[in-house]
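One structure below.
The values are calculated or read from the model by the stated rules, or taken from the named source; none is laboratory data. No experiment lies behind these values; they were computed from the predicted model shown. As a convention, Cβ positions derive from the backbone with ideal geometry for all residues, glycine included, and neighbour counts pool all protein chains shown. Accessible surface is based on the protein model in full, side chains and every heavy atom, while ligands, DNA and RNA are left aside. Shrake-Rupley method; radii C 1.70, N 1.55, O 1.52, S 1.80 Å.
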Amino acid sequence: MRNDLKIRTLTERFFEGETSLAEEQELYRLFREGDVPEDLQPYKEMFAGFEDISLPQQKPSRRRWGKVIGIAASVAVLFAVGTTLLTRNSHDECVAYIYGEKCTDKTIVMQQMESALSDMDDIATVDEQMRDFFSE
């Protein structure tokens with residue numbers, strides 16, 4: 001009698017979509033091995049067919065995804081550090097093009113820059129140029 005109540009309860013929950021995978025496996029086993037009540041006999045063949053269907057492969061667990069994400073993060077950090085170290089040296093280089101030629105000597109570049117800045121002091125400002133233009 002206890003099996004009848006269990007099989008009825010599980011069958012009802014199955015059709016309501018409330019059973020877990022373990023409960024469904026138990027329901028299939030009960031229909032296969034147990035004495036099924038007369039009114040549930042039409043379902044016996046259906047549940048036997050469900051039992052023959054292979055279960056889908058389980059998805060990787062969260063723990064495994066954690067490892068995969070950890071490895072990916074480690075690779076990303078190593079890539080970022082490597083890129084930073086490799087490009088760091090190129091930022092320390094002083095480069096200027098003087099009269100169309102590339103110059104990397106810092107003293108020459110600084111001399112040319114100071115020379116250009118001093119030449120700019122001699123150039124009249126816009127205000128001075130406007131005053132000169134309109135005063136004539």
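A few comments on the model shown:
- Just so you know, in the stretch 104-131 the residues that are among the hydrophobic types (A, V, I, L, M, F, W, C) and more than 54 Å from the chain's Cα centre (by Cα) include one that is modelled with the highest pLDDT, and it is Met130.
- The lone criterion from (1) open to solvent by 100 Å² or more (accessible area, probe 1.4 Å); (2) modelled with pLDDT under 80 left unmet by Tyr99 is number (2).
- In the stretch 34-45, the residues that are modelled with pLDDT of 80 or more and surrounded by fewer than 15 Cβ atoms within 10 Å (Cβ to Cβ): Pro37, Glu38, Asp39, Gln41, Pro42, Lys44
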